[in-house]
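The values are calculated or read from the model by the stated rules, or taken from the named source; none is laboratory data. Everything quoted here is computed from the prediction, not taken from an experiment. Cβ sites come from the backbone with ideal geometry, for glycine too, and all protein chains shown count toward neighbours.
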Number of protein chains: 2
Amino acid sequence: MHKILKTLLAALIVSATSSAALAQQAPKPEQIIKWRQSAYQVLAWNTGRIKNNVEGTYNKDEVIRAANTIAAIANSGLGALYPAGTETGKGWRETTVRPELFTDGARAGEAARKFNVEANELAKLAASGDAAAVKTQFGKLNQTCKGCHDDFRKKD
Amino acid sequence: MHKILKTLLAALIVSATSSAALAQQAPKPEQIIKWRQSAYQVLAWNTGRIKNNVEGTYNKDEVIRAANTIAAIANSGLGALYPAGTETGKGWRETTVRPELFTDGARAGEAARKFNVEANELAKLAASGDAAAVKTQFGKLNQTCKGCHDDFRKKD
């Protein structure tokens, strides 16, 4: 009986250790903030490319690649990168998110929805190669970026 | 005649100034390095999500979102983020790229091609919802990541 108790105790300790190990695998807030800051940088790279194309020489293939990247990130579920515990903190740098993003879920969700709609429409138009339509739609997309920044990003 | 010369000179100065202004609009090496470091962070976020799904509870929708993001970045033309002048430098941090990426274009191109092929295949399989096939394909994708890191990324 004594031996059985020791075995059970050992099993409990192993179990607790495993749980701790699993918990450690969850990404740290710093990593999550770094990921979301990175996602916006990739968006900036690709919106910059589209801007260059609609204001300069239009390269259909480059616009498609850029628009598809923007749409994929818009559809990726960026909301998962704003869990509780990441209201403040440093990823690549101090987060510039405003507390309202965490407290006004309805408004944040609506901002994300608008961004998704316009990003997916842009990808659709990019595939058509209609430069004028892409330019107009790119303006709509930028409005959703600006709207979200105004509401949920601290001023630099 | 003297007046015409002055006008021509003025025009040349305006032209030179405009060229300088345009040149200033081109992204700086630091910005380009930041973009590429960000792209790999977004890849890390999404490969991490797929890993969690194939090793734990499988959520078809999350895997689709993650695989589509990886494929879009693979197809985005990351090569454009390695122009001459970005062999060294600091984006979010000092670049870890090895000089071979800039001197062995054929090998770097082949590494990028393999990554694209496996990333696009993963997105295709993710859409099917076949968890076992996704797991196998995810292993193939990781091999292309590792191969490229071995050849072209400095050890931490």
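Structural remarks
- B:Tyr40 at negative phi, facing another protein chain (nearest Cβ under 9 Å) and at pLDDT 95 or above: yes
- Set side by side, the residues B:Thr96, B:Thr103, B:Thr88 differ, and just one is modelled with pLDDT of 95 or more, touching a strand residue (DSSP E or B) at 6+ places or on another chain (Cβ under 7 Å) and within 27 Å of B:Ile33 (Cβ to Cβ), which is B:Thr96.
- Candidate set from segment B:80-114 (those that are within 14 Å of another protein chain (Cβ to nearest Cβ), surrounded by fewer than 13 Cβ atoms within 10 Å (Cβ to Cβ) and out of contact with any Asp or Glu (no Cβ under 9 Å at 6 or more places or on another chain)); member that is nearest to A:Ala123 (Cα to Cα): B:Arg93
- No other residue among A:Arg113, A:Arg98, A:Arg93, A:Arg107 is without any contact (Cβ under 8 Å) to a residue 12 or more places away in the chain and among the charged types (D, E, K, R) apart from A:Arg113.
Condition check ((1) polar (S, T, N, Q); (2) in a helix (DSSP H, G or I)) across all residues:
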{"residue": "A:Gln41", "(1), (2)": "yes, yes"}
{"residue": "A:Thr47", "(1), (2)": "yes, yes"}
{"residue": "A:Asn52", "(1), (2)": "yes, yes"}
{"residue": "A:Tyr58", "(1), (2)": "no, no"}
{"residue": "A:Ala67", "(1), (2)": "no, yes"}
{"residue": "A:Ile70", "(1), (2)": "no, yes"}
{"residue": "A:Ala80", "(1), (2)": "no, yes"}
{"residue": "A:Glu87", "(1), (2)": "no, no"}
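- Qualifying residue in segment B:115-129 (condition: out of contact with any Asp or Glu (no Cβ under 9 Å at 6 or more places or on another chain), at pLDDT 95 or above and among the aromatic types (Phe, Trp, Tyr)): yes
- Contacts under 6 angstrom Cβ, first residue in segment A:43-71 being over 26 Å from A:Arg113 (Cα atoms) and more than 10 Å from every other protein chain (Cβ to nearest Cβ), partner hydroxyl-bearing (Ser, Thr, Tyr) and surrounded by 21 or more Cβ atoms within 10 Å (Cβ to Cβ), 6 or more apart: none
- The lone exception for B:Asn142 - which of (1) surrounded by fewer than 17 Cβ atoms within 10 Å (Cβ to Cβ); (2) touching a helix residue (DSSP H, G or I) at 6+ places or on another chain (Cβ under 8 Å); (3) free of Cβ contacts under 8 Å to residues at least 60 places away in the same chain it fails: (3)
Each row is one residue, and each column tells you yes or no for (1) under 26 Å from A:Glu62 (Cα atoms); (2) under 18 Å from the mean Cα position of the chain (by Cα); (3) assigned to a helix (DSSP H, G or I).
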site: A:Leu101; (1), (2), (3): no, yes, yes
site: A:Ala111; (1), (2), (3): no, yes, yes
site: A:Phe115; (1), (2), (3): yes, yes, yes
site: A:Val134; (1), (2), (3): yes, no, yes
site: A:Leu141; (1), (2), (3): yes, yes, yes
site: A:Thr144; (1), (2), (3): yes, yes, yes
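- Residue satisfying condition, being over 24 Å from A:Arg49 (Cβ atoms), modelled with pLDDT of 95 or more, of a type in the set (Gly, Ala, Ser) and out of contact with any strand residue (DSSP E or B) (no Cβ under 7 Å at 6 or more places or on another chain), within set B:Ala133, B:Ala111: B:Ala133
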